[in-house]
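What follows is a set of notes on a single structure, which appears directly below.
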Amino acid sequence: MRKLLLLLPVVLLLGACSSDWSGEVRFKVREIGKISSGPLVALDVDGEAPEGLTGRITAETATPDQLPADVKPGDLVVCQVKQHDDNGFDGGNTKTTVGPCRRA
């Protein structure tokens, strides 16, 4: 029992290391192109990125199915962005997903 009590702070600390963020970000469509893995839409953050994002994002990518069908370069969209970092201490392994998006 005593060993379990000693492990409790370690388990709580490790659980607190991960971080999640979710919210909407406004993007401007920069380019719609194709790479070896398929079609991809390049997005640039329009204005300031919301507080709380891990690191600073200025550009992201999304697959076309996450955007309105008739979107073209120069259009403004608002996308759901989710970030997850298993190790909140270093911020180096943050996974960012973008979509779905709608017209701004």
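The values are calculated or read from the model by the stated rules, or taken from the named source; none is laboratory data. Note that the structure is predicted; figures quoted are calculated from it, not measured. All Cβ positions, even for glycine, are placed from backbone atoms using ideal geometry, and neighbour counts span all protein chains on display.
So here's what we get for this one:
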| read-out | value |
| --- | --- |
| Pick from the stretch 73-102, criterion charged (D, E, K, R) and either in a loop (DSSP other than H, G, I, E, B) or modelled with pLDDT of 95 or more (or both), ranking: nearest to residue 24 (Cα to Cα) | 102 |
| Residue check for residue 65: among the charged types (D, E, K, R) and modelled with pLDDT under 85 | no |
| Strands (runs of 3 or more DSSP E) fully within the stretch 17-72 counting 3 or more residues that are over 17 Å from residue 84 (Cα atoms) and either in contact (Cβ under 8 Å) with a residue 24 or more places away in the chain or in contact with a Phe, Trp or Tyr (Cβ under 9 Å, 6 or more places away or on another chain) (or both) | 19-35, 38-45 |
